[in-house]
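The values are calculated or read from the model by the stated rules, or taken from the named source; none is laboratory data. In this text, all values refer to a predicted model and were calculated from it rather than measured experimentally. Here the Cβ is made from the backbone with ideal geometry for all residues, glycine too, and neighbour counts use every protein chain on show. Please note that ligands, DNA and RNA were not included when accessible areas were found on the heavy atoms of the full protein model with its side chains. Shrake-Rupley method; radii C 1.70, N 1.55, O 1.52, S 1.80 Å.
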Amino acid sequence: MTTESHPEPVLSKGQLRLLMFGLMTGMLLAALDQTIVGTALPTIVGELGGISHYSWVVTAYLLASTASTPLYGKMADLYGRRPVFLFSIGTFLLGSLLAGLSQDMTQLIVTRGVQGLGAGGLITLAFTIISDVVSPRERGRYQGVFGAVFGIASVAGPLVGGYFAETNWRWIFYLNVPLAILAIVVCSRVIRLVPFTRRKHSIDWLGALLLVAGVSSLLLALSWGGNTYPWGSAAIIGLFVVGAVLAVAFVLQERRVAEPILPLRLFRSATFTLANGAGFVLGLVMFGSIIFIPLYLQIVKGASPTRSGLLMLPMMAGIIITSVLTGRAMSRIGRYKWFPVTGSVVLLVGMLLFTRLQVGTSLWVAFGFMAVIGVGLGLCMQSLVLAVQNSVSLRDLGAGTSSATFFRSLGGSFGVAILGAVLSARLAAEMSDRLPAAVAQLSPEQRAAVGPTGGAGVSVDDPATILALPAPVRAAVQVAFVESLHLVFLTTGLIAIVAVLLTLALPNERLRGTGPEGATGGTDGLGGEGPAPGGKPLDRSSKPEAAADMEAKSQTML
């Protein structure tokens with residue numbers, strides 16, 4: 001009988017801090033570019049033209065980054081972390097430079113796709129590389145800081161994007177270049193010291209093609225549905241069918257090859273499956289609902305895009321503080337389960353609180369609601385990633401980590417589409433009920449100004465136009481929007497219940513590795529056993545080596 005142990009530390013504290021700085025810089029670039037472009041898009045379209053391709057600037061990035069994420073994990077397991085990370089950030093740097101030089105919308109869309117291709121590796125490889133040099137027990141402290149990066153990006157993105165939209169939008173992309181070069185220089189020197197054993201391998205190119213094509217079909221259906229094409233149109237149904245067929249083909253392909261892109265044996269681990277399922281639901285709730293909070297601040301409170309980013313600071317503070325404290329607590333306690341459970345419950349409460357939001361609600365009350373959601377996200381995000389990492393063997397660490405990022409991103413894509421459809425349907429009904437009475441209060445001149453639809457054709461993506469409407473119509477649109485938001489957050493609250501159930505089902509197992517002080521013995525304070533006598537942590541994955549190669553190790557511990 002053998003057990004798998006984590007290698008001894010190979011980096012000094014100074015080198016580890018330097019590595020963290022480089023990885024956080026790369027992760028910040030990828031996370032920032034998910035949000036920074038949105039507020040500047042009207043300015044970009046105004047200069048480059050191509051309003052019909054407006055949404056593709058965001059969709060191209062989303063498609064490329066989500067579809068490529070699982071590939072980076074597997075490539076890093078086969079070729080080593082350093083060359084794959086350098087390729088990822090180099091591709092992102094090239095895409096950023098070319099995006100800033102774009103002369104028309106077609107060039108911008110293509111270069112955003114190049115950016116996304118590089119970004120797909122920056123986040124997942126950051127988690128994977130830090131996992132190579134610290135044990136799962138110690139890993140929580142470092143990955144908690146990674147969680148803070150997401151909090152910063154969620155607020156800094158719209159803020160920085162709004163600033164450059166008013167000055168020079170091309171610097172949204174040029175800003176990435178010096179930061180990417182800095183990350184390359186720092187990480188290249190330190191990652192070289194991380195040991196990697198090259199092994200014989202074969203690349204499952206067919207599996208990679210099926211995965212990328214299947215995910216792209218699903219994401220295109222979700223992006224176009226209800227916008228470019230009706231949900232029931234042949235194009236959307238066809239894309240869903242193609243995506244489903246390719247997903248089945250991918251699973252069949254992965255079952256027969258020696259080196260699958262996403263080893264299906266990992267799903268035999270209850271921890272791996274449940275944590276990824278919870279990550280998918282978390283992504284759906286998080287990305288699918290948070291995008292509507294800045295709209296509330298702009299449409300109802302009259303905030304500019306830049307100011308709405310500043311007003312999101314309470315949520316950012318909740319994510320940052322809770323992520324860091326959660327990471328330290330997991331390292332000290334040595335277990336992870338009750339952090340995502342608590343976070344899911346807090347997130348559920350936060351979503352239900354937002355159903356109480358009204359047009360006249362004080363900003364301070366809204367700040368409190370945001371802080372609750374931020375705390376919930378901070379408790380969940382990194383603890384679920386750590387759960388996945390702790391459930392796989394070292395040989396599958398890259399594939400396991402990329403799966404956690406992939407499922408969360410995929411959940412976010414589903415959330416944006418599903419909740420966007422919920423908002424649109426409810427908003428149309430609310431507007432048809434409220435606008436006639438509002439229009440009746442207008443003078444003939446005002447009726448002529450708002451047009452024959454009386455403001456019913458106004459898009460919530462254009463807050464400035466809504467704020468310019470006559471007072472009675474503007475008030476009716478704002479009330480209709482807030483009432484529609486209630487259904488959106490009620491939906492996310494109900495979906496969050498699934499996350500609570502999945503995290504409750506997670507095994508309450510111990511993180512591999514020693515505690516921060518090398519403490520031994522006793523219990524961990526959460527009802528679990530302490531380390532085994534002699535100071536060595538319990539390893540519940542003890543199995544014959546042959547079985548270990550065929551089955552993911554379900555052990556302790558997004």
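Go through the range 139-159 and give me each residue that's more than 19 Å from the chain's Cα centre (by Cα) and surrounded by fewer than 24 Cβ atoms within 10 Å (Cβ to Cβ).
Arg141
Can you list residue pairs whose Cβ atoms sit under 8 Å apart, with the first residue in the range 471-499 being at pLDDT 85 or above and the second being of a type in the set (Ser, Thr, Tyr) and buried (at least 22 other Cβ atoms within 10 Å of the Cβ)? Count only pairs 6 or more apart in sequence or on different chains.
Phe481/Tyr296; Val482/Tyr296; Leu485/Tyr296; Val488/Ser289; Phe489/Ser289; Thr492/Ser289; Ala496/Ser344; Ala499/Ser344
Applying the selection to the range 473-494, what residues are over 11 Å from Leu352 (Cα atoms) and either open to solvent by 40 Å² or more (accessible area, probe 1.4 Å) or outside any helix (DSSP H, G or I) (or both)?
Arg474, Ala475, Val479, Glu483
So is Gly232 open to solvent by less than 80 Å² (accessible area, probe 1.4 Å), under 26 Å from the mean Cα position of the chain (by Cα) and closer than 30 Å to Ala421 by Cα or not?
Taking the combined requirement at face value, the residue does not satisfy it.
Quick one: in the range 274-293, of everything that is open to solvent by 10 Å² or more (accessible area, probe 1.4 Å) and at pLDDT below 80, which residue is nearest to Leu397 (Cα to Cα)?
Within the range 274-293, the match that is nearest to Leu397 (Cα to Cα) is Phe287.
Restricting to helices (runs of 4 or more DSSP H) lying wholly in the range 304-364: which have 1 or more residues that are touching an Asp or Glu at 6+ places or on another chain (Cβ under 7 Å) and modelled with pLDDT under 85?
On the way: elements: 305-310, 313-333, 338-354.
Hits in the range 304-364: 313-333.
What residue, of Ser216, Ser223, is open to solvent by 10 Å² or more (accessible area, probe 1.4 Å), assigned to a helix (DSSP H, G or I) and modelled with pLDDT under 80?
Every option except Ser223 fails the conditions.
If you take the residues of the range 343-376 that are among the hydroxyl-bearing types (Ser, Thr, Tyr) and open to solvent by 30 Å² or more (accessible area, probe 1.4 Å), which of them is farthest from Phe489 (Cα to Cα)?
Taking the candidates together, the pick is Ser362.
Return a yes/no flag: does the range 402-422 have any residue that is basic (Lys, Arg), touching a Gly at 6+ places or on another chain (Cβ under 7 Å) and assigned to a helix (DSSP H, G or I).
Yes; the residues of the range 402-422 include at least one that is basic (Lys, Arg), touching a Gly at 6+ places or on another chain (Cβ under 7 Å) and assigned to a helix (DSSP H, G or I).
Starting from the range 309-331, take each residue that is on the phi > 0 side of the Ramachandran plot and of a type outside the set (Asp, Glu) and list its partners that are modelled with pLDDT of 85 or more and open to solvent by less than 10 Å² (accessible area, probe 1.4 Å), counting only C-beta distances under 9 angstrom and pairs at least six apart or across chains.
none
Name the single residue that is modelled with the lowest pLDDT among those in the range 377-401 being crowded, with 24+ Cβ neighbours inside 10 Å and assigned to a loop (DSSP other than H, G, I, E, B).
The selected residue is Val392.
Being within 21 Å of Ser65 (Cα to Cα) and either among the polar types (S, T, N, Q) or surrounded by fewer than 22 Cβ atoms within 10 Å (Cβ to Cβ) (or both): is that true of Tyr174 here?
The answer is yes for Tyr174.
Scan the range 62-82 and report the pairs whose first residue is on the phi > 0 side of the Ramachandran plot and whose second residue is outside any helix (DSSP H, G or I), with Cβ atoms within less than 8 Å and a gap of 6+ or a chain change.
Every condition considered, the pairs that remain are Gly80/Phe196; Gly80/Arg198.
Filter the range 330-342 down to residues that are open to solvent by less than 30 Å² (accessible area, probe 1.4 Å) and among the aliphatic types (A, V, I, L, M) and give me whichever is nearest to Ala499 (Cα to Cα).
Val341
Please find, within the range 254-273, the residue that is most open to solvent (accessible area, probe 1.4 Å) out of those that are modelled with pLDDT of 85 or more and in contact with a Pro (Cβ under 8 Å, 6 or more places away or on another chain).
Per the criteria, the residue is Ala270.
Do we find that Arg335 is within 23 Å of Tyr142 (Cα to Cα) and touching a strand residue (DSSP E or B) at 6+ places or on another chain (Cβ under 8 Å) in this structure?
yes
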